[in-house]
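Undergrad: Take this structure first; my questions come after.
The values are calculated or read from the model by the stated rules, or taken from the named source; none is laboratory data. It should be emphasised that the depicted structure is a prediction, and the values quoted were computed from it without experimental measurement. Don't worry about glycine lacking a Cβ; one is built from the backbone with ideal geometry, like all the others, and counts go over all protein chains shown.
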């Protein structure tokens, strides 16, 4: 009984550390000022990290199935720290930072993320919605702690590259410890695909198609916001401290949203998906307001809606396919990675060209409303 709580705590610790990548926007101004790395280029680093993270999950899932969560998570923790460490020795070279954080750290997150998500529900089979929400809430909330830590180091006068090195050490060690504690329940039965049933066949299902559309449209806009939110605040004439606060509030909402939407799904089912997409699009309009109160309220609500993307689709697929979710979900999650390539970079590019995020936010609203409509149309007749 006690062992499963240790597993849950270790999972949360690992997810909090890996989720620190969502604090990326705090580095953008200093990277531009010190190393002449544009907003769009900095945003692309973040987008590539997320894309590599989701792509890696497909291979990590297969390794997880063969050798278990402990060794898989240890690979993740090692790569995560190694990427930041390499970037810290880049001398400000954009391509070395891109390889270090965009690729190596991205691989680490991919190996690390899937382990807590699939392991926890095995230890808590009767509370899948709540436990799934908690497991991914740590990932969403990681930016809160890292933002505060980085802000403290910046105020002390540390260079951005020195901060990368600090992150590699200060978060890498506890990540390795947490990863070493993960394990499956004793004698847990492994569910295999049915004869004649391939993953590619399953991906043609309407539930899967609706999940792909939903996760792409939701994360496209959400990632565009989170990767640029500090700059969005500054261009809305917010004082820097309020702009930095919005990063933490988005992260708080992101973490809370994962728990909230998990519980909502347990009660109302798949209808929670289009509702979350609609809320995500509408709440982003508040980020166009210059009032610190309204802007940060918008950051919180947008974060809550965005958090649903990381629990609702997993639960929807699990409800339809059971334990096969561990093999199917990484393919759906890959579309989150694809949105990460285009969302943050597009937001940064629009800002570089126009000096404002108005067109980006309006585009985000339309995309999410279209996504909500398509999800309802495609998934409404399935069970």
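Undergrad: Inside region 152-164, can you point out the residues that are in contact (Cβ under 8 Å) with a residue 24 or more places away in the chain and surrounded by fewer than 17 Cβ atoms within 10 Å (Cβ to Cβ)?
TA: 159, 162
Undergrad: Condition check: surrounded by fewer than 20 Cβ atoms within 10 Å (Cβ to Cβ) and in contact with a helix residue (DSSP H, G or I) (Cβ under 8 Å, 6 or more places away or on another chain). Does residue 35 satisfy that?
TA: Values: surrounded by fewer than 20 Cβ atoms within 10 Å (Cβ to Cβ): yes; in contact with a helix residue (DSSP H, G or I) (Cβ under 8 Å, 6 or more places away or on another chain): yes.
Yes; evaluated as a whole, the condition is true for this residue.
Undergrad: If we scan region 358-374, do we find a residue that is buried (at least 17 other Cβ atoms within 10 Å of the Cβ) and closer than 30 Å to residue 122 by Cβ?
TA: Checked against the condition, which is being buried (at least 17 other Cβ atoms within 10 Å of the Cβ) and closer than 30 Å to residue 122 by Cβ, region 358-374 yields no hits at all.
Undergrad: Which one of 146, 154, 161 is over 17 Å from residue 19 (Cβ atoms), touching a helix residue (DSSP H, G or I) at 6+ places or on another chain (Cβ under 8 Å), modelled with pLDDT under 90 and in a helix (DSSP H, G or I)?
TA: Values: 146 fails: over 17 Å from residue 19 (Cβ atoms); 161 fails: modelled with pLDDT under 90.
Sole residue among the options that is over 17 Å from residue 19 (Cβ atoms), touching a helix residue (DSSP H, G or I) at 6+ places or on another chain (Cβ under 8 Å), modelled with pLDDT under 90 and in a helix (DSSP H, G or I): 154.
Undergrad: Going by the structure shown, is residue 256 over 20 Å from residue 217 (Cβ atoms), at pLDDT 85 or above and surrounded by fewer than 20 Cβ atoms within 10 Å (Cβ to Cβ)? It would help to see each step written out before you state the result.
TA: Numbers: over 20 Å from residue 217 (Cβ atoms): yes; at pLDDT 85 or above: yes; surrounded by fewer than 20 Cβ atoms within 10 Å (Cβ to Cβ): yes.
In short, yes.
Undergrad: Criterion first (surrounded by fewer than 24 Cβ atoms within 10 Å (Cβ to Cβ) and without any contact (Cβ under 8 Å) to a residue 24 or more places away in the chain) does residue 51 satisfy it?
TA: no
Undergrad: Also, I was wondering about something else. Can you tell me which residues in region 79-101 are surrounded by fewer than 24 Cβ atoms within 10 Å (Cβ to Cβ), under 17 Å from residue 37 (Cβ atoms) and in contact with a helix residue (DSSP H, G or I) (Cβ under 9 Å, 6 or more places away or on another chain)?
TA: Scanning region 79-101 gives 86, 88, 89, 90, 91, 92, 93, 94, 96, 98, 99.
Undergrad: Next up: Quick test for you: out of 295, 333, 321, pick the one residue that is crowded, with 20+ Cβ neighbours inside 10 Å and more than 20 Å from the chain's Cα centre (by Cα). Give the derivation first.
TA: Numbers: 333 fails: more than 20 Å from the chain's Cα centre (by Cα); 321 fails: crowded, with 20+ Cβ neighbours inside 10 Å.
On inspection, the qualifying residue turns out to be 295.
Residue-by-condition table, conditions (1) under 19 Å from the mean Cα position of the chain (by Cα); (2) at pLDDT 80 or above:
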residue: 196; (1), (2): no, no
residue: 201; (1), (2): no, no
residue: 215; (1), (2): yes, yes
residue: 249; (1), (2): yes, yes
residue: 261; (1), (2): yes, yes
residue: 267; (1), (2): no, yes
